[in-house]
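The values are calculated or read from the model by the stated rules, or taken from the named source; none is laboratory data. Note that the structure is predicted; figures quoted are calculated from it, not measured. A quick note on method: Cβ atoms are made from the backbone with ideal geometry, for glycine too, and the neighbour counts reach across all protein chains shown. Ligands, DNA and RNA are stripped out before the accessible areas are found, and what is left, the full protein with its side chains, is counted by its heavy atoms. Shrake-Rupley method; radii C 1.70, N 1.55, O 1.52, S 1.80 Å.
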Amino acid sequence: MTIDEIIAFMQDLDGVLTLRPEPGDGSPEISWGDTFFSYSPDPAAPRTPQPFATIVTKNYPGDESSRLDRPDTFRVNIAAGKEAFIERTGHAPHEPAVDDDPALTDAVIAHPVYGSAGWLAVVNPGRRTDAATCELLRSAYHLARSRHERRAG
């Protein structure tokens, strides 16, 4: 899967706000080139909902273990929920990951920094993980949508 394919998949989901920070838009330089997906069905609503998925294209301070500084490497980060996390990793989010290599490509793993919060990650989703990545993104979308609907009353 390419970044553009993932973005197209996400834009087909109703109410997804896709933010792609770039120079001149007021966003921090570190975020330029990355993509953030939030559930925000009302375009007039504040544009600050918490992302439920992101695509990062570079190392962030304190988050270098995926080695995103390699050519053509990116990571999809997904808040797919506790059940999906346990199903994919075999352990609860607060338990340490065993034998996960954060730089491994085309594998669903606990996020190297936010795994304890139930986030999953896939570096360069490919043939082995493209279906799982889409399934997890869809699950994260539904969780974000449900959260929004509960808060909206």
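Here's a check for you: in segment 75-92, which residue that is open to solvent by less than 20 Å² (accessible area, probe 1.4 Å), within 12 Å of V122 (Cα to Cα) and not aliphatic (A, V, I, L, M) is nearest to the chain's Cα centre (by Cα)?
This residue is N77.
Hey, can you tell me all the residues within segment 108-118 that are out of contact with any helix residue (DSSP H, G or I) (no Cβ under 8 Å at 6 or more places or on another chain), more than 16 Å from V56 (Cα to Cα) and crowded, with 16+ Cβ neighbours inside 10 Å?
Those that are out of contact with any helix residue (DSSP H, G or I) (no Cβ under 8 Å at 6 or more places or on another chain), more than 16 Å from V56 (Cα to Cα) and crowded, with 16+ Cβ neighbours inside 10 Å: none in segment 108-118.
Which is open to solvent by less than 20 Å² (accessible area, probe 1.4 Å), under 14 Å from the mean Cα position of the chain (by Cα) and more than 18 Å from M1 (Cα to Cα), of A132, A144, A121?
A144
Consider only pairs whose beta carbons are under 6 Å apart and that are at least six residues apart or on different chains; among these, list those whose first residue lies in segment 135-147 and is among the aromatic types (F, W, Y) and whose second residue is open to solvent by less than 70 Å² (accessible area, probe 1.4 Å).
Listed pairs, sorted by first residue: Y141/L13.
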